[in-house]
Structures are given as C-alpha cells and as structure tokens.
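What follows is a set of notes on a single structure, which appears directly below.
The values are calculated or read from the model by the stated rules, or taken from the named source; none is laboratory data. This one's a predicted model, so the numbers in the text were calculated from it and none came from an experiment. Quick reminder, even Gly has a Cβ in these numbers, built from the backbone with ideal geometry, and neighbours come from all protein chains shown. Keep in mind that these areas ignore ligands, DNA and RNA; they rest on the heavy atoms of the full protein, side chains included. Shrake-Rupley method; radii C 1.70, N 1.55, O 1.52, S 1.80 Å.
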Protein chains: 6
Amino acid sequence: MPYVNIKITKEGNVTAAQKQQLIEGATELLHRVLNKNTATTVVVIDEVDTDNWGIGGVPVTELRKRPAE
Amino acid sequence: MPYVNIKITKEGNVTAAQKQQLIEGATELLHRVLNKNTATTVVVIDEVDTDNWGIGGVPVTELRKRPAE
Amino acid sequence: MPYVNIKITKEGNVTAAQKQQLIEGATELLHRVLNKNTATTVVVIDEVDTDNWGIGGVPVTELRKRPAE
Amino acid sequence: MPYVNIKITKEGNVTAAQKQQLIEGATELLHRVLNKNTATTVVVIDEVDTDNWGIGGVPVTELRKRPAE
Amino acid sequence: MPYVNIKITKEGNVTAAQKQQLIEGATELLHRVLNKNTATTVVVIDEVDTDNWGIGGVPVTELRKRPAE
Amino acid sequence: MPYVNIKITKEGNVTAAQKQQLIEGATELLHRVLNKNTATTVVVIDEVDTDNWGIGGVPVTELRKRPAE
C-alpha cells in the first residue's frame, strides 16, 4: 500500500520505458525490503522544469550552463 | 485552514466544472467533519500523465491497453 | 486510482471515527465527480503541530492566543 | 539538506529571474535561521493552473472574475 | 538531483537498517535508469499512522481487523 | 495564496521562535518576489527523523557519525 513520489528535472528525453522501469523498480524495492503488497503500491513521477528546480541556491537551468569542473 | 492535495491521472476531459466540484466537495468535507473554516481551506489538484502514474508496478498507460477482465 | 492528501493542524482531539469520515468522504467525492474506482483510491491524513503551520506569516500557535475578533 | 516546495498559481508571467530569486531566498532563509548547508538545499517550484487551485471552496479562476472588493 | 518521497504505514517494526535499504535502493534505481547523480539524490520516508491512511474508503486500522480472505 | 512546504531533519532543538522566523521569511519572500497576498500564504514545516532522510544513498543518522572531512 505504499505511495512513492519521484521528482526529477525535465531534461533529456525520459522515455515511457524508463518511467516504467522507475515504477517497477520502486514497487519491487518496497516489496523486497518491507514485503509490501505490490498490487496496491502507487508510484507517481513528477517532471519539473529546470527553471523550477534549485540546488545550492541556483536554478538547474543555470547549473547546466556552467563548464564541467 | 486545511490543505488538500488531490492527485488524479490526466485522462478523459476533466472540466473546470468538475474541478470546481472537487474543490467545493473537499472544502465542505473538512467543514462537516472537523468544523474547519472554509474561508482558508486550500485545495490543489494535480493531473498526472498516465505514463507517470503506476499501480501494481505497471504504468496506467499500459493498464488502459489491457482488455477489461 | 486517485491519491488524496489532507493536511490539518493537530488540535483538539481528532478521533479515529472522524478520520474515517474524511477517508470515506474524500473517496466518495472522487467517485461522484469523476467516477473514480473507490477500491484503489488512497487517502493520507497528515496532522501538523500548530508551531509548524503558519498562515499570514504567523504560526497557528500564536493565532490561537489572540482574542477572537 | 532541507527540501522546500513552493506552490503558486500559474498567473501573469513568472520569469526565470523571479524563480531564481525564490530559489535563492528560500535557500538563504534556511541558512540564516537554522544554519543549514546551502550546497544541499533543494527548492522545487510548482506552478498550478488557476482551475486546479481553490480557496474558500472556489477555484482561483472564478475568484479572478469577481470585482475587487 | 532527484527527490524521492516514500510513504508507508507505521506498522510492525521498520528498522533503521530497512530504511537504509530503501534509501540505498531508491538512490540506485534513479542512477541505474536515468543516470542521476547519487550524491545529490534525496530520499525522505514518511511513516503514517494506520488511522490516517485509507484505501478503498476504509482506514488501514479497520482493514487489519478483518479476517484474511 | 502560495503554499510552502519546508522539510528539515529533526536535529538539535528547533525552537518555536525559529519556526516562526521560517514562516515569516517564506511568506515575505513570496510577497517580495511575486507580490503574493501574505494573508493567505500557508507555510507547513515537516521535521523528519534522521533515520528517514537520506542523501547520497546514506541515512543522515549515518552521515552524522562520520568524522568531519
């Protein structure tokens, strides 16, 4: 019966197949670790614009412009 | 002062009138059960792409392709 | 398949029966308005300490000390 | 290491510069008040359609049509 | 940079070691599927009282009292 | 009308006064940057056990045991 919310930045091309792997993987993880019922496990993926996600006080849009260290 | 978040899959055509019914209904529910002040009750509805919602380890997009049991 | 999250302040004595009414009511609301399957609707209630909830820039703990207007 | 989620209605034209100010401001706030490490503070901004946000039981779309009091 | 929130019911005795497995597993999942940077992946686990979690319109507290089918 | 959710680890002794500063600060931030109405801005603070928060695949409880680098 767990509920899992995965938030990622909307970058590159996340395919439906990759989302399916996230849904399967998160559901299996809860089953493996806590023996949760897979049938009622819910996974919701949010894709967030890079302007709307910040880390270290800087939007990801800006981080992506910086040269790799 | 409650905050209610309703997450649904983005399917069919959820109209503005239906969303209004959800907002009204959730606000009334909190008032009826807990006597909460309707004036400051906030309701936020999230519509989630069917690729991004999984149950039972399967994306809703895939579930909708299966024949009804 | 909806997911509903209800956040309320932890005040008074919210009983298990009242929580049950919130769970039933939210589940019915989604069924009535959008014909959602009640069997897979999930409702999660969060009770938040009044120190941890603010409105108008003021914690609810402080609001409750003010004389009624 | 804090996580801050800011939900606002999708109205007017919220610019990337304004979002950057929200990200900076929230990160600084956690540092100033609780001495949190800014490097690992995450801020996520959600912009919500006015049909999908209600207060006082009324969608914001409807509130915006009403004459100012 | 992903953020993962795992909500489970507060039942049995979920140990710190099991929580560690959830944190590791979710972090690895995002790395394996989307090549996300593990260093900045955040996982937050919420344990919810069984009175406060409902499925099918029924609190989990009540579901647990029912005889197994 | 914004809604701000601040999640922090439950460490040290976060006082009611500090929580009040977070509530005030977040409310002012939204007003300053986007001219949002402070009266209806809601801030909710969640304090999360260090066993339940992970970064880099490691629970904060474990991170705190490590010698400073």
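Charge dipole of the protein assembly as shown (Cα centre as origin; +1 on each Lys and Arg Cβ, -1 on each Asp and Glu Cβ, all else neutral): 0 debye, rounded to the nearest 20. Axis between D and C by rotation; chain D residue with nearest Cβ and distance in whole Å recorded as D:Ile55, 6. Plainly put, the tip 7 Å out from Cα toward Cβ on C:Ala16 is 3.1, 3.1, 4.4, 4.5, 5.4 nm from that tip on each other copy, the closest given first. Each label was represented as a point 7 Å from its Cα along the Cα-to-Cβ direction; for A:Glu11 and D:Arg66 these points are 4.3 nm apart. Here is how far apart the C:Gly56 label points are across copies: 1.4, 4.1, 4.5, 4.5, 4.9 nm, shortest first, using a point 7 Å from Cα toward Cβ.
Taking all protein chains into account, the per residue accessible area for the protein assembly as shown stands at 45 Å² (1.4 Å probe). What a 1.4 Å probe finds exposed on chain E is 44% carbon and sulfur by accessible area, rounded to a whole percent.
Once all protein chains are placed together, B:Arg66 keeps about 130 Å² accessible to a 1.4 angstrom probe.
Taking amide H atoms as placed 1.01 Å from N in the peptide plane, the amide H of A:Asp46 lies under 5 Å from those of A:Ile6, A:Lys7, A:Ile8, each 5 or more residues away in sequence or on another chain. Take each residue of peptide B:31-37, count the partner chain Cβ atoms within 10 Å of its Cβ, and average: the result is 4. Calculated from DSSP H runs of 4 or more alone, at -39500 (n - 2.57) each and per residue, what is the 222 nm mean residue ellipticity of chain D, nearest 500? That comes out to -11500 deg cm²/dmol. Each listed q (0.06, 0.09, 0.10, 0.14 Å⁻¹) maps to a log10 I(q)/I(0) for the protein assembly as shown from the Debye sum over equal C-alpha point scatterers, namely -0.23, -0.53, -0.66, -1.46. Legend: residue pairs B:Lys19/B:Lys65; B:Lys7/F:Lys7; B:Lys7/E:Lys10; A:Lys36/B:Lys19; C:Lys10/D:Lys36, Cα-Cα distance threshold 30 Å; pairs beyond threshold, A:Lys36/B:Lys19. Net charge of the neighbourhood of C:Glu62, taken over other residues with C-beta under 12 Å away and scored Lys/Arg +1, Asp/Glu -1, is +2. When each of the peptides E:30-40, B:37-47 is scored by how many other beta carbons lie within 10 Å of its residues on average, the order from highest to lowest is B:37-47, E:30-40.
The 3J(HN,Hα) values that the Karplus relation (6.51, -1.76, 1.60; θ = phi - 60°) gives for the stretch D:8-20 are, in residue order, 10, 6, 7, 9, x, 10, 6, 8, 4, 5, 5, 4, 4 Hz. Gly and Pro appear as x. Placing a label point 7 Å from the Cα of D:Gln18 along the Cα-to-Cβ direction, the residues of the stretch F:14-29 whose backbone N falls under 18 Å of that point are F:26-29. Projecting 7 Å from Cα along the Cα-to-Cβ direction, the label point of D:Ala39 sits 0.8, 4.5, 4.8, 4.8, 5.1 nm from its equivalents in the other copies, listed shortest first. Relative contact order of chain B: 42 percent, from C-alpha pairs under 8 Å at least 6 residues apart in sequence. Electrostatic tally near B:Val44: other residues with Cβ closer than 9 Å to its Cβ, Lys and Arg +1, Asp and Glu -1, net -1. Chains D and A together bury roughly 1100 Å² of accessible surface, counting both sides and using a 1.4 Å probe on protein heavy atoms.
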